[in-house]
Amino acid sequence: MKVKTPIIVAHRGASYKAPENTIPAFKIAFDEQADFIEGDFWLTADNEIVCIHDSNTSRVGNKNIKVTISTLDELKKVDVGIRKGNQFAGTTIPTLQEVLEIIPEQKGLHLEIKDNRENFLIRLKEILNGNNIHTNQIRIISFHRNIIRAAKKYFPEFKAYLILGWYFSKGNYFKSLSKKLIMKKLSTVNCDGVVLFADSYIDEEFISKLKAENYDVCTYNVENESKAQKLVSYDVDSITTNSPLMIRNAISKIK
């Protein structure tokens, strides 16, 4: 039986090579055969949506300012590339619009909502409505059930996935409990799928159970070949990685 190839999602772009959540990282990811990119998004003080993981710029930038109380102009003055190397000096925080403009046809975006304010969703709807984006090109994802619930009301046409983190991975003793907790959380939110931290609690039986409940099953934290190949054998729908080309090559070796 032919093995189905999962979608490869580049976590914050090709973040092993370029500064995370930037246009260079996203372009490299697509060059490295990623199907989707994944980015994190916040709303600025002047109602622009920007792509950055943290609520401030201290970890990735050359200065520290808070995203939600800063204007786009202020944020654009932060260099988020220099820490990755001189070749990325001058790289700026991209807007969602700038990210959408570099997504090729037949490719897409895992859009992680970090900002839980309703104004974010209002602005997001304006931006998505103003772009020629097919519904298959966007997946809205979040760790927060309230965000997913709201997203399904604002964007019923887009799939929305609940992310469940590393805290469900506690070793063999907790495997059964982790699975029960995940199913319980999923029962409280109307979502189309789940994004699971790829660790010991994931097995073929559990993936099959989720799929039987009509959930898309996505995985992240996949940074080696053997893990990727095992997840393919479990029939997951997508694999999120910092190194898309490595994972693409690993999957290509499966006979």
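Descriptive notes on the structure:
- Subset of region 173-212 that is over 14 Å from L162 (Cα atoms) and among the β-branched types (V, I, T) - its residue that is surrounded by the fewest Cβ atoms within 10 Å (Cβ to Cβ): I207
- For region 1-31, a residue qualifies if it is in a loop (DSSP other than H, G, I, E, B) and farther than 19 Å from C51 by Cβ, and the qualifying residues are M1, K2, V3, K4, T5, P6.
- Residues (under 24 Å from N116 (Cα atoms) and part of a loop (DSSP other than H, G, I, E, B)) located in region 32-50: T44, A45, D46, N47, E48
- Residue list for region 188-206, filter: at pLDDT 90 or above, within 22 Å of V232 (Cα to Cα) and not aromatic (F, W, Y): D192, G193, V194, V195, L196, A198, D203, E204, E205
- With respect to the stated conditions, Y161 is among the aromatic types (F, W, Y) and in contact with a Cys (Cβ under 7 Å, 6 or more places away or on another chain).
- One residue alone among K185, K180, K209 is farther than 18 Å from N136 by Cα, over 21 Å from the mean Cα position of the chain (by Cα), at pLDDT below 95 and not in a loop (DSSP other than H, G, I, E, B), and that residue is K180.
- Residue within region 117-132 that is touching a residue at least 40 places away in the same chain (Cβ under 8 Å), farther than 17 Å from C51 by Cα and not in a loop (DSSP other than H, G, I, E, B) present: no
- Selection of region 236-249 for residues being touching a helix residue (DSSP H, G or I) at 6+ places or on another chain (Cβ under 6 Å) and either assigned to a helix (DSSP H, G or I) or among the charged types (D, E, K, R) (or both) yields P244, I247.
- The residues listed here are D115, D79; of these, the one that is farther than 24 Å from T240 by Cβ, modelled with pLDDT of 95 or more and acidic (D, E) is D79.
- Boolean, N86 is exposed (fewer than 13 other Cβ atoms within 10 Å of the Cβ), free of Cβ contacts under 8 Å to residues at least 24 places away in the same chain, more than 29 Å from T219 (Cα to Cα) and not hydrophobic (A, V, I, L, M, F, W, C): yes
The values are calculated or read from the model by the stated rules, or taken from the named source; none is laboratory data. Being a predicted model, the structure only gives us computed values, none of them experimental. Counting neighbours? That spans all protein chains shown, and the Cβs are built from the backbone with ideal geometry, glycine included.
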